[in-house]
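Chemist: Below are the structure tokens for one structure; questions will follow.
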Amino acid sequence: MLAHFALEGVRPGGGEFYFHLAGSYAVPASALPLGARYLALGHIHRQQQVSEAPLAWYSGSLVQLDFGEGEEAERGALLVELPPSGPLGSTPSGSAGASPSRPSA
């Protein structure tokens with residue numbers, strides 16, 4: 001499933017306005033659909049896993065989108081394996097050399 005919103009408690013990437021990440025702008029984690037196998041999230045420019053059940057990630061941004069993010073911010077991609085059945089896998093890769101997450105049911 002794809003979605004474009006700010007989830008409550010997310011770590012901003014540097015270019016987001018804090019008032020867009022809280023209060024009436026942010027979506028509570030309890031609103032995530034438990035029936036989804038994977039949520040590909042957008043809007044936040046910092047790559048991060050935000051939920052284990054369902055597995056949910058912000059992919060982040062490959063390029064600096066505004067001056068607030070800074071050139072030194074970590075960049076990378078997210079490879080997600082969605083087999084027809086069984087555990088899912090997600091592997092972040094980028095300048096930080098992040099390690100793969102463990103498979104989730």
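Chemist: Residues that are at pLDDT 75 or above and surrounded by fewer than 15 Cβ atoms within 10 Å (Cβ to Cβ), at least 1 per element: which strands (runs of 3 or more DSSP E) completely within the chain meet that?
Modeler: Fully inside the chain and qualifying: 2-4, 38-42, 48-52, 76-81.
Chemist: Are there any pairs with C-beta distances below 9 angstrom linking a residue in segment 25-40 that is without any contact (Cβ under 8 Å) to a residue 12 or more places away in the chain and at negative phi to a residue that is of a type in the set (A, V, I, L, M, F, W, C) and surrounded by 15 or more Cβ atoms within 10 Å (Cβ to Cβ), with the two at least 6 apart or on different chains, and if so which?
Modeler: Qualifying pairs under 9 Å: Ala31/Leu7.
The values are calculated or read from the model by the stated rules, or taken from the named source; none is laboratory data. Here the structure is a predicted model, which means the values were calculated and not measured. Cβ coordinates were reconstructed from backbone atoms using ideal geometry, including for glycine residues, and neighbour counts include every protein chain displayed.
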